[in-house]
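Presented below is the structure to which this report refers.
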Amino acid sequence: MIKVFPYTTITNSDNFRFKISRDTLRVKSFEVHTHEFSELVIILGGTALHLTDNGQYPLTAGDVFVLNGDMAHGFEACEGLRLCNMMYDPRAMLPQAGDIQQLAGYQALFVVEPLYRAHHPMHNLLRLSMQSLTQVDGMLDIILAEYKQKSVGYASMIEAIFLQLVVMLSRLYASKIDETRGESVGRLAL
């Protein structure tokens, strides 16, 4: 039986459904599971196999992907896997309208790819360069510090930087789509 993680595993607040964690997995595998929330995953270092209902594929530093709650996934053959997970309620953390919706990279990374991944085997289409990964990691540092300190206004600060990160990743994904026009997910997002 696949374990399901409810929203209460990331927060006990109905007002701010968000959690960030940066971990190095000290185990060789992490059980296949699902959850009620969405998850933005950024691989910071190491390697692993990402397990899904549609097969497995290798992960390495710079890989970025989004999982919606209903997708069973886990990790196997972890070797120093360092990752950052941002678990969130997409209705609250992602804009439902506005100019971000016009970004092909946003549509690909946050809408099309998670749907496609749920039904088809696929590798990650967004792999950050070391320069981009360093920039993203700096943004993650700020989000993580705000999350841990919980100073007045922390939720607003996290929402602002998270959205900034979403735009940056969307733009990087769009440039990847431009480079690889043949990829089916990229074509669907245009």
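The values are calculated or read from the model by the stated rules, or taken from the named source; none is laboratory data. As the structure is a prediction and not an experimental result, all values here were calculated from the model. FYI the Cβ positions are ideal-geometry reconstructions off the backbone, even for glycines, and counts take in every protein chain you see. To get the accessible areas, we keep the full protein, side chains included, count just its heavy atoms, and leave off ligands, DNA and RNA. Shrake-Rupley method; radii C 1.70, N 1.55, O 1.52, S 1.80 Å.
Before moving on, here are some points about what is shown:
- Scanning region 25-65 for residues that are in a strand (DSSP E or B), open to solvent by 40 Å² or more (accessible area, probe 1.4 Å) and without any contact (Cβ under 8 Å) to a residue 60 or more places away in the chain gives F30, E31, V32, T47, L49, Q56.
- If the condition is being surrounded by 16 or more Cβ atoms within 10 Å (Cβ to Cβ), in a loop (DSSP other than H, G, I, E, B) and in contact (Cβ under 8 Å) with a residue 40 or more places away in the chain, then region 66-104 contributes N68, M71, A72, D89, L94, L103.
- So A108, is it open to solvent by less than 40 Å² (accessible area, probe 1.4 Å), touching a His at 6+ places or on another chain (Cβ under 8 Å), in contact (Cβ under 8 Å) with a residue 40 or more places away in the chain and not basic (K, R): no
- Lone unmet requirement of (1) at pLDDT 80 or above; (2) in contact with a strand residue (DSSP E or B) (Cβ under 9 Å, 6 or more places away or on another chain); (3) closer than 30 Å to G55 by Cβ; (4) not aromatic (F, W, Y) for M130: (2)
- Scan region 64-112 for residues that are at pLDDT 85 or above and closer than 20 Å to F37 by Cα and the total you get is 26.
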